[in-house]
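Trainee: One structure, as structure tokens, below. Some questions next.
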Amino acid sequence: MQEWLIGKGVFPLHERLRGRSTAACYHSLRNTERLPLEDLQALQKRKLQSLLKHCWAHVPFYRRRFEALGIKHTEELSIEVLDQLPVVERDDVREHLSHMVADTHTNRLIRHSTGGSTGQPLVFFTDRQKESWHNAAKLRGRAWFGIQPGSRQVDVWGSPVELNKQDAIRRFKDRWFLNQIVISALDLSDTAQARNAAILKRFRPRLVYGYPTVLFHMALYMERHPDAFGGWRPELTTCTSEVLYPHQREKMREVFQCPIGNEYGSRDGGHLAHECPAGNMHIAAEHVMLQVDKPDPQGAGDLIVTNLDGYGMPLLRYRLGDRVQLSHAPCACGLTLPVLAQVEGRMTDFLVGPDGNLIHSAALVGILRDLPDLKQFRIVQKKDLSIEVRLVRDAPVPEAELASMRQRMHAMMHSDLPISFSFHDHIPPAKSGKYVTLESEAYAART
Ligand SMILES: [Zn+2]
């Protein structure tokens with residue numbers, strides 16, 4: 001279908017039918033991205049004020065925190081209260097989940113689980129309005145590079161091996177009505193790359209979106225097999241979820257011959273920032289308010305997020321865990337949105353398959369995240385390629401469930417590497433001091 005028809009007609013309608021107002025949020029964001037800084041700050045303050053009032057009236061967790069600060073009446077809730085609130089830790093969310101949900105939204109919440117980069121899964125809720133702003137902010141970042149809603153797009157993503165009927169219908173709809181297809185990020189073998197190249201050659205997407213590690217390997221394959229893509233090159237490559245290293249960016253720019261835009265966000269925190277054509281990460285300041293906890297002399301510290309649109313399960317001063325630095329320097333691109341100067345964290349490793357192929361850790365993490373009440377996990381791959389999955393959970397997992405997980409993991413990896421499960425009270429941080437999802441001795445030995 002024509003891109004303009006999707007962008008102007010089908011996409012907004014699709015979002016409306018899903019209960020989201022993404023198209024309206026997108027237009028609103030396009031109208032505010034160049035406002036004078038004072039006006040942007042005034043907009044943030046207005047949104048924050050109404051969120052604080054909502055939390056006072058409808059969210060017991062924050063009501064208690066406000067009362068602990070000596071606030072007795074909604075009129076006393078000024079925006080300065082935000083800075084006095086204690087930081088919300090992930091453990092707070094684990095312990096107080098039911099009290100963090102607004103009584104106005106109990107029937108309208110969307111359940112998610114996250115924790116992929118730390119191995120400590122977390123269940124939380126969002127609502128359609130928050131997701132609309134999140135998706136709209138993503139679309140806006142791409143529009144800075146000329147990619148409009150409705151443009152042909154490929155997501156290189158973790159995808160299930162067995163498609164049920166519902167998945168198949170969704171894929172058909174995404175392909176033919178939204179111009180979007182998903183190709184698997186899990187298998188980086190030459191066979192899989194050749195299959196993906198054939199899809200890209202036919203579909204010719206303007207935008208390619210995915211993990212930098214995986215897109216980097218796609219660039220390496222394209223460099224070795226330029227003809228497999230039939231002359232196709234993307235107009236924009238957008239990276240997400242992991243650190244984008246300079247060598248990866250350089251290689252992708254050289255081979256794909258297009259700008260590389262980095263995106264930064266998470267389902268719990270929201271869409272936080274997107275790179276502009278001048279190379280700065282602009283904060284989606286209409287949607288999130290970012291603060292730095294205990295900054296060092298250079299200004300770097302833990303990122304604290306307040307999501308201004310999350311009314312279903314509000315997050316006020318939520319510690320996201322990444323180490324960041326904010327900048328107030330103006331950007332040459334003309335956007336007035338403030339800049340996130342530096343982001344550290346979110347390392348990802350690969351597992352190594354039996355024939356030396358690389359397997360993205362998302363292949364296994366997705367399966368572990370489905371396990372209810374999982375407190376922490378780590379995947380360890382030894383040099384002999386065997387895999388140990390360490391789990392922290394109050395109740396043991398029945399043997400039949402473990403066998404089923406093992407089977408799904410084998411299917412995802414296209415291999416039957418030995419997988420064992422072990423149970424622990426706690427998993428200490430890795431040697432680097434970080435809580436990591438995966439430690440692959442086999443991958444480390446290769447690099
Ligand atoms: Zn800029």
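The values are calculated or read from the model by the stated rules, or taken from the named source; none is laboratory data. Note that this is a predicted model, so its numbers are computed, not measured. Don't worry about glycine lacking a Cβ; one is built from the backbone with ideal geometry, like all the others, and counts go over all protein chains shown.
Trainee: Might you let me know whether the stretch 344-358 holds any residue that is among the acidic types (Asp, Glu), surrounded by fewer than 17 Cβ atoms within 10 Å (Cβ to Cβ) and closer than 30 Å to Phe216 by Cβ?
Mentor: yes
Trainee: Would you check if Met252 is within 16 Å of the ligand (Cβ to nearest atom) and either among the aromatic types (Phe, Trp, Tyr) or within 24 Å of Pro205 (Cβ to Cβ) (or both)? Spell out the reasoning first.
Mentor: Values: within 16 Å of the ligand (Cβ to nearest atom): no; either among the aromatic types (Phe, Trp, Tyr) or within 24 Å of Pro205 (Cβ to Cβ) (or both): yes.
Criteria not met by Met252.
Trainee: Same structure again: Kindly indicate whether any position in the stretch 47-64 is closer than 30 Å to Cys276 by Cα, of a type in the set (Lys, Arg), at pLDDT 95 or above and surrounded by 14 or more Cβ atoms within 10 Å (Cβ to Cβ).
Mentor: Yes: one or more hits.
Trainee: Given the condition closer than 28 Å to Phe350 by Cα, surrounded by 22 or more Cβ atoms within 10 Å (Cβ to Cβ) and modelled with pLDDT under 95, answer yes or no: does some residue in the stretch 226-233 qualify?
Mentor: No - not one qualifying residue is present in the stretch 226-233.
Trainee: Select, from Leu97, Leu85, Leu109, the only residue that is touching a Gly at 6+ places or on another chain (Cβ under 6 Å) and surrounded by fewer than 19 Cβ atoms within 10 Å (Cβ to Cβ).
Mentor: Leu109
Trainee: Does Asp103 count as of a type in the set (Asp, Glu), outside any helix (DSSP H, G or I) and surrounded by fewer than 17 Cβ atoms within 10 Å (Cβ to Cβ)?
Mentor: The answer is yes for Asp103.
Trainee: Filter the stretch 132-149 down to residues that are part of a helix (DSSP H, G or I) and in contact with a helix residue (DSSP H, G or I) (Cβ under 8 Å, 6 or more places away or on another chain) and give me whichever is farthest from Arg20 (Cα to Cα).
Mentor: The qualifying residue farthest from Arg20 (Cα to Cα) is Ala143.
Trainee: Could you give me the residue pairs with C-beta distances under 6 Å whose first residue belongs to the stretch 54-77 and is of a type in the set (Val, Ile, Thr), whose second residue is assigned to a helix (DSSP H, G or I) and surrounded by fewer than 17 Cβ atoms within 10 Å (Cβ to Cβ) wherever it lies, and which are 6+ apart or on separate chains?
Mentor: Listed pairs, sorted by first residue: Thr74/Lys53.
Trainee: Looking only at the stretch 258-274, how many residues end up being within 16 Å of the ligand (Cβ to nearest atom), modelled with pLDDT under 95 and either over 18 Å from Arg323 (Cα atoms) or small (Gly, Ala, Ser) (or both)?
Mentor: 0
Trainee: Tell me yes or no: at least one residue of the stretch 187-202 is assigned to a strand (DSSP E or B), without any contact (Cβ under 8 Å) to a residue 60 or more places away in the chain and crowded, with 19+ Cβ neighbours inside 10 Å.
Mentor: The answer is no; no qualifying residue exists.
Trainee: Still on this structure: Scan the stretch 17-26 residue by residue and report those that are in a helix (DSSP H, G or I) and surrounded by 14 or more Cβ atoms within 10 Å (Cβ to Cβ).
Mentor: Residues satisfying the conditions are Thr22, Ala23, Ala24, Cys25, Tyr26.
Trainee: Taking Asp416 and the conditions (1) surrounded by fewer than 17 Cβ atoms within 10 Å (Cβ to Cβ); (2) at positive phi, which numbered condition does it fall short on, given that it satisfies the others?
Mentor: Among (1) surrounded by fewer than 17 Cβ atoms within 10 Å (Cβ to Cβ); (2) at positive phi, the lone unmet condition for Asp416 is (2).
Trainee: For the stretch 167-187, what are the residues that are in contact with an Asp or Glu (Cβ under 6 Å, 6 or more places away or on another chain) and closer than 12 Å to Ile6 by Cβ? Steps first, answer last, please.
Mentor: Going through the stretch 167-187, the residues in contact with an Asp or Glu (Cβ under 6 Å, 6 or more places away or on another chain) turn out to be 180, 182.
The one that is in contact with an Asp or Glu (Cβ under 6 Å, 6 or more places away or on another chain) and closer than 12 Å to Ile6 by Cβ: Gln180.
Trainee: For the stretch 297-392, which fully contained strands (runs of 3 or more DSSP E) count at least 3 residues that are of a type outside the set (Asp, Glu), more than 16 Å from the ligand (Cβ to nearest atom) and in contact with an Asp or Glu (Cβ under 8 Å, 6 or more places away or on another chain)?
Mentor: The strands (runs of 3 or more DSSP E) meeting that bar are 301-307, 318-327, 376-381.
Trainee: Which of the numbered conditions does Pro277 fail, given that it passes all the others? Conditions: (1) out of contact with any helix residue (DSSP H, G or I) (no Cβ under 8 Å at 6 or more places or on another chain); (2) over 21 Å from Glu80 (Cα atoms); (3) more than 16 Å from the ligand (Cβ to nearest atom).
Mentor: Of the numbered conditions (1) out of contact with any helix residue (DSSP H, G or I) (no Cβ under 8 Å at 6 or more places or on another chain); (2) over 21 Å from Glu80 (Cα atoms); (3) more than 16 Å from the ligand (Cβ to nearest atom), the odd one out for Pro277 is (3).
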